[in-house]
1. Within the range 6-17, can one find any residue that is more than 14 Å from the chain's Cα centre (by Cα) and in a loop (DSSP other than H, G, I, E, B)?
2. Of the residues in the range 61-91, how many are in contact with a helix residue (DSSP H, G or I) (Cβ under 6 Å, 6 or more places away or on another chain) and in contact (Cβ under 8 Å) with a residue 40 or more places away in the chain?
3. Need the failing condition index for residue 62 against (1) part of a loop (DSSP other than H, G, I, E, B); (2) surrounded by 16 or more Cβ atoms within 10 Å (Cβ to Cβ), just the number.
4. Is one or more of the residues making up the range 66-76 within 13 Å of the chain's Cα centre (by Cα), under 16 Å from residue 13 (Cβ atoms) and part of a helix (DSSP H, G or I)?
5. Would you please list the contacts, defined by Cβ atoms under 6 Å and residues six or more apart or on different chains, that run from a residue in the range 1-20 that is touching a residue at least 40 places away in the same chain (Cβ under 8 Å) to a residue that is not in a loop (DSSP other than H, G, I, E, B)?
6. Which members of the range 44-57 meet the condition of being within 18 Å of residue 84 (Cα to Cα) and assigned to a loop (DSSP other than H, G, I, E, B)?
7. Exactly one of (1) free of Cβ contacts under 8 Å to residues at least 60 places away in the same chain; (2) within 24 Å of residue 89 (Cα to Cα); (3) part of a loop (DSSP other than H, G, I, E, B) is unmet by residue 32. Its number?
8. Look at residue 25 and say whether it is touching a helix residue (DSSP H, G or I) at 6+ places or on another chain (Cβ under 9 Å), under 24 Å from residue 87 (Cβ atoms), assigned to a helix (DSSP H, G or I) and at pLDDT 95 or above.
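The values are calculated or read from the model by the stated rules, or taken from the named source; none is laboratory data. Source: prediction; values computed, not measured. Note: ideal-geometry Cβ built from the backbone for every residue, glycine included; neighbour counts use all protein chains shown.
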């Protein structure tokens with residue numbers, strides 16, 4: 001059994017899993033759903049507010065191979081697994 005940090009083990013994997021940032025998740029979900037994405041997003045805030053988790057979920061939503069850009073990434077394709085594992089060369 002390998003050791004995994006608690007925060008990484010229970011990191012949110014979808015927009016619906018993110019707690020306390022409903023305005024951010026709603027904005028990003030709408031942007032993906034309507035295909036009206038900005039060329040860049042800047043995630044700013046104190047430690048522990050979900051910046052990295054939100055950025056990874058957005059990256060999965062945009063790079064998921066199961067249906068193209070989607071609000072609910074599959075989490076099973078190669079791109080989603082690599083992004084979630086933190087070893088994607090593109091993210």
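1. At the first step, the residues of the range 6-17 found to be more than 14 Å from the chain's Cα centre (by Cα) are 6-7, 9.
Then drop every residue that is not in a loop (DSSP other than H, G, I, E, B), which leaves none.
Checking the range 6-17: not a single residue is more than 14 Å from the chain's Cα centre (by Cα) and in a loop (DSSP other than H, G, I, E, B).
2. Going through the range 61-91 one residue at a time, the tally reaches 3.
3. It is condition (1) that residue 62 fails.
4. Taking the range 66-76 first, the residues within 13 Å of the chain's Cα centre (by Cα) are 69-75.
Within this subset, residues satisfying the condition of being under 16 Å from residue 13 (Cβ atoms) are 70-75.
Checking the rest, the ones that are also part of a helix (DSSP H, G or I) come to none.
For the range 66-76, residues within 13 Å of the chain's Cα centre (by Cα), under 16 Å from residue 13 (Cβ atoms) and part of a helix (DSSP H, G or I): absent.
5. Sorted first by the residue in the range 1-20, then by its partner, the pairs are 11/53; 12/53; 15/25; 15/29; 15/57.
6. Applying the first criterion (within 18 Å of residue 84 (Cα to Cα)) to the range 44-57 yields 48-57.
Of everything in the range 44-57, those that are within 18 Å of residue 84 (Cα to Cα) and assigned to a loop (DSSP other than H, G, I, E, B) turn out to be 48, 49, 50.
7. All conditions pass for residue 32, except number (3).
8. Numbers: touching a helix residue (DSSP H, G or I) at 6+ places or on another chain (Cβ under 9 Å): yes; under 24 Å from residue 87 (Cβ atoms): no; assigned to a helix (DSSP H, G or I): yes; at pLDDT 95 or above: yes.
Against the criterion (touching a helix residue (DSSP H, G or I) at 6+ places or on another chain (Cβ under 9 Å), under 24 Å from residue 87 (Cβ atoms), assigned to a helix (DSSP H, G or I) and at pLDDT 95 or above), residue 25 does not qualify.
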